[in-house]
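Down below is the structure, laid out as structure tokens.
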Amino acid sequence: MNQTTRRRALIAGNWKMNGGIAANAVLLEGIRSGANGLAAELAVCVPAPYLAQVQAALSGSPVAWGGQDLSLHASGAYTGEVSGAMLRDFDCQFVIVGHSERRSLHGETDAIVADKARQALACGLTPIVCVGETLEEREAGHTDSVVSRQLMAVVSALGQQLAKIVIAYEPVWAIGTGKTATPEMAQQVHAQMRALLVGVDPVAGRGVRLLYGGSMKPDNARDLLAMDDIDGGLIGGASLKADDFLAIAKAA
Ligand code: PEP
């Protein structure tokens, strides 16, 4: 379905705080060796200390890479933070912004997420902006309002730059839990996001890629990725095994 709407699927791995030099080398070699000729675009978003290793391992391959967060600030007294320009120094193309773990564990509000998306674009990075409801919010029937609020906070802040971002719908209750939204449940939210985006900008809104994330695995990827408005995946656990990650990419 993605082909008919001209959106090329993106399969992006989120390693989270996992990895080590030796294990990364094996994983990166596995991904690199299986990445040629795939219809989907591939990327891995890795912990900042491994960016040099990832850059060396993936340069010249069809696989892009990125960070998992960036600072709101360009430079200065922000101990522990990593700026967008630093990510660009390692040729990052992408950066995840507003992952639910950043929102819940680091207090990132909609306004901060919007500012980070803007900062990413200013640094020449493509933000993968995450939105999604908690289980409590879903059960209270608030999925649509929560996702719309999170999405519109970013879209309103970006103005004309909507076409330059990627959005990932990640229901919080499905992340790392083994519980996946059914393809129909995910498509329903994606269709709602698409309608909102098209309402803001018909051309950009139709072109923006909407990824699904939340326990996507080789055995459920095909059905999820077959849905009209699911243009790829943000993959956590399954991105740590080259065979699984590539199997998901092949399903796209
Ligand atoms: C994620 O962390 O973005 C994610 C989707 O994780 P998992 O695939 O492990 O649910």
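Only the coordinates and a few stated rules stand behind these numbers; no lab work does. Keep in mind it's a predicted model, so treat the numbers as computed, not measured. Here the Cβ is made from the backbone with ideal geometry for all residues, glycine too, and neighbour counts use every protein chain on show.
Using the C-alpha atoms of segment 22-64, what convex hull volume per residue, in cubic angstrom, is computed?
On the way: hull volume 2.7 nm³, N = 43.
Looking at segment 22-64, the number lands at 62 Å³ per residue.
For ALA64, the amide hydrogen comes within under 5 Å of the amide hydrogens of LEU42, ALA43, VAL44, counting only partners 5 or more places away or on other chains and with H modelled in the peptide plane. The local environment of LEU10, defined by Cβ-Cβ distances under 12 Å, has a net charge of +1 under the rule Lys, Arg +1 and Asp, Glu -1. For the pair VAL200 and ALA122, label points projected 7 Å from Cα toward Cβ lie 1.8 nm apart. Placing a label point 7 Å from the Cα of ASN18 along the Cα-to-Cβ direction, the residues of segment 195-219 whose backbone N falls under 14 Å of that point are 214-218.
Over the chain, what relative contact order in percent results from Cα pairs under 8 Å that are six or more residues apart? Could the numbers behind the result be given before it?
On the way: 497 pairs, mean separation 58.0, N = 252.
The value is 23 percent.
Volume of the convex hull of the chain (Cα atoms only), normalised per residue: 115 Å³. Using the Stokes-Einstein relation with a Kirkwood hydrodynamic radius computed over Cα pairs, the translational diffusion coefficient of segment 3-147 at 20 °C and a viscosity of 1.002 mPa s comes to 130 µm²/s.
Computed from the C-alpha gyration tensor, the three semi-axes of the ellipsoid equivalent to segment 146-199 are 23, 12, 9 Å, from longest to shortest. Spatially, segment 46-87 and segment 230-252 are offset by 21 Å when compared through their Cα centroids.
Sequence gap at least 6, Cα distance under 8 Å: using those rules, report the relative contact order of segment 1-77 to the nearest whole percent.
Numbers: 85 pairs, mean separation 26.1, N = 77.
Computed over segment 1-77, the figure is 34 percent.
A cut-off of 5 Å between modelled amide H atoms, ignoring neighbours fewer than 5 places along the same chain, links GLY213 with TYR169, GLU170, LEU234. Note on the chain: lysine pairs with Cα distance below 23 Å, sequence gap of 8 or more or different chains, count 12.
Looking only at segment 3-251, where both bridge partners belong to it, what percent of the DSSP beta bridges are antiparallel (to the nearest 5)? Could you put the intermediate results ahead of the total?
Working: 0 of 29 bridges.
Counting only bridges with both partners in segment 3-251, antiparallel ones make up about 0 percent.
Segment 100-135 and segment 148-194 have Cα centres separated by 12 Å.
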